[in-house]
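First the structure, in the form of structure tokens, and then the observations on it.
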Amino acid sequence: MNTHSSFPSDFFLFSSALLCVLNTDGTILQLNPAWEEQLNVISTDLENSRFLAWVHPDDIASSQYYLTQLKQGITNVTFANRWRDCAGYYHWLNWEISAVPHQPKCYAVATDITAQKHAEKVLLDTEERFELAVKGSNHGLWDWNLITNEIYLSPRWKNILGYQDHEIANHLDEWCRFVHPEDFTQMWATVEA
């Protein structure tokens, strides 16, 4: 008796990963139950529909590019796009799609990266606000990465010393070069404290 005969179908049904089967024309043939559990979709609404019908309009061209690569013989593609659920909300999905050799279908695994994309956007917005604050403050700022010894020396910091931004490298050795020798011991003790 072969105890492994139901393994692939069990894996498909019980996996928490977002799994689906596509044909090479971009039609969704089958979704596993994880889609309904995680992304507010109804499998019967998506099955036998076009993959691109669920993709955000701004992501259709790039998604089509990767699907076309699979049709042209590339065996694996990885890309991200925004995917619409049945309620009309978009989720960022990272796709890994593999063509099945000598068959007109592909196996796909999607990972919901919506939270990651949101965190990236928040970080980018925060960095932009910080950069605007630094530029608007007219203060010379520095920041030290203790692991790499790389230091960020703001262009204004360098300008206060009479240098252009490109004339001083952002490295600890460069920063130390501008400390007066009589002040170096006290400065280094303060930095290490």
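The values are calculated or read from the model by the stated rules, or taken from the named source; none is laboratory data. Since the model is a prediction, treat every value here as computed from it, not as a measurement. We place every Cβ from the backbone using ideal geometry, glycine too, and count neighbours over all the protein chains shown. Protein only, heavy atoms only, side chains kept; ligands, DNA and RNA dropped before computing areas. Shrake-Rupley method; radii C 1.70, N 1.55, O 1.52, S 1.80 Å.
May I have the pair-distance distribution P(r) for the chain, computed from all Cα-Cα distances with 10 Å bins from 0 and rounded to whole percent?
Result returned by the calculation: 8, 24, 19, 11, 14, 15, 7, 1, 0.
What does the net charge come to around L172 if you take all other residues with beta carbon closer than 14 Å to its beta carbon, with K and R at +1 and D and E at -1?
That works out to -4.
Taking the Cα centroid of region 151-193 and of region 26-54, what is the distance between the two, rounded to the nearest whole Å?
57 Å
Could you work out the relative contact order of region 142-193? I mean the mean sequence separation of Cα pairs under 8 Å and 6+ apart, divided by the number of residues, in percent.
26 percent
For region 10-82, take N as its residue count and report Rg(C-alpha) divided by 2.2 N^0.38 Å.
1.12
Show which lysines lie in cross-link reach of K71 when reach means a straight Cα distance below 17 angstrom and same-chain residues fewer than eight apart are skipped.
Here the lysines satisfying the reach criterion relative to K71 are K105.
Using the heavy atoms of the protein chains and a 1.4 angstrom probe, tell me the accessible area per residue for the chain in square angstrom.
Here the per-residue accessible area is 65 Å².
May I ask you to order 156-165, 90-99 by the average number of other C-beta atoms within 10 Å around their residues, highest value first?
Highest-to-lowest ranking by the protection proxy: 90-99, 156-165.
How many percent of the accessible area of region 105-193 is carbon or sulfur, using a 1.4 Å probe?
Exposed carbon and sulfur together represent 56 percent of the surface.
Sorted by mean Cβ packing within 10 Å, highest first, what order do the peptides 114-127, 13-26 take?
Ranked by mean Cβ neighbours within 10 Å, highest first: 13-26, 114-127.
Taking region 76-127 as the region of interest, what is the percent of Cα-Cα pairs per 5 angstrom bin, listed from the shortest bin to the one with the maximum distance?
P(r) for region 76-127, in whole percents per bin: 5, 18, 19, 19, 16, 11, 6, 3, 2, 1.
Quick one: length gained pulling I60 to N48 fully straight, 0.36 nm per residue minus the C-alpha distance?
Between I60 and N48, full extension yields 2.5 nm more.
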